[in-house]
């Protein structure tokens with residue numbers, strides 16, 4: 001399962017071994033037990049990867065072999081490709097941009113997307129130093 005945690009200023013991507021259903025169920029139970037408002041709704045999430053990042057072409061090939069509409073790639077410009085995922089958005093129900101997005105695709109594709117995102121973050125931090 002892929003988990004994207006959105007905050008006011010950024011987001012973090014994680015690759016979790018737990019199933020989507022188990023994770024959402026545990027999160028709902030936690031919210032009920034602590035009396036927290038929780039909104040769960042179908043949604044999409046997108047993020048950018050540098051188009052010249054090693055592995056992006058392989059990701060394009062993996063996406064073509066996926067037998068689902070959960071992941072899609074779209075070229076934004078000559079520098080970036082947009083990764084769009086379908087899944088569930090969990091938030092406190094307010095109109096904030098803060099919350100958690102979760103989705104599940106094949107484990108191999110999840111892990112590959114996660115590794116590409118990590119590499120993109122690493123390259124961005126090296127360039128900013």
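Results, tabulated for the structure shown:
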read-out	value
R0 of 35 Å, Cβ-Cβ distance residue 115-residue 28: FRET efficiency to nearest 0.05	0.75
Of all DSSP beta bridges in segment 2-128, antiparallel share, percent nearest 5	100 percent
Stretchable slack from residue 10 to residue 74, in nm (0.36 nm times residue separation minus alpha-carbon distance)	20.9 nm
Burial order of peptide ranges 111-117, 52-58 (average beta-carbon count within 10 Å, highest first)	111-117, 52-58
Values of log10 I(q)/I(0), in the order q = 0.15 Å⁻¹, for segment 2-69 under a Debye, Cα-only, solvent-free model	-0.74
Degrees separating the helix 107-128 axis from the principal Cα axis of the chain, which is the longest one	70 degrees
√(5λ) per eigenvalue of the Cα gyration tensor, the chain, largest first, Å	27, 17, 13
Acute angle (nearest 10 degrees) that the helix 20-34 long axis makes with the longest principal axis of the chain, alpha-carbon atoms	40 degrees
Between segment 69-129 and segment 22-68, the alpha-carbon center distance in angstrom	7 Å
Expected 222 nm ellipticity per residue - DSSP helices of 4 or more, -39500 (n - 2.57), all of the chain, to 500	-12000 deg cm²/dmol
Packing-based exposure ordering (other Cβ within 10 Å, fewest first) of 78, 122	78, 122
Alpha-carbon spread of segment 51-126, three principal axes, descending order, Å	38, 35, 23
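Since every read-out is calculated from the coordinates, none of them should be taken as a lab result. Just so it is clear, the structure is predicted and the values come from calculations on it, not from any experiment. Cβ coordinates were reconstructed from backbone atoms using ideal geometry, including for glycine residues, and neighbour counts include every protein chain displayed.
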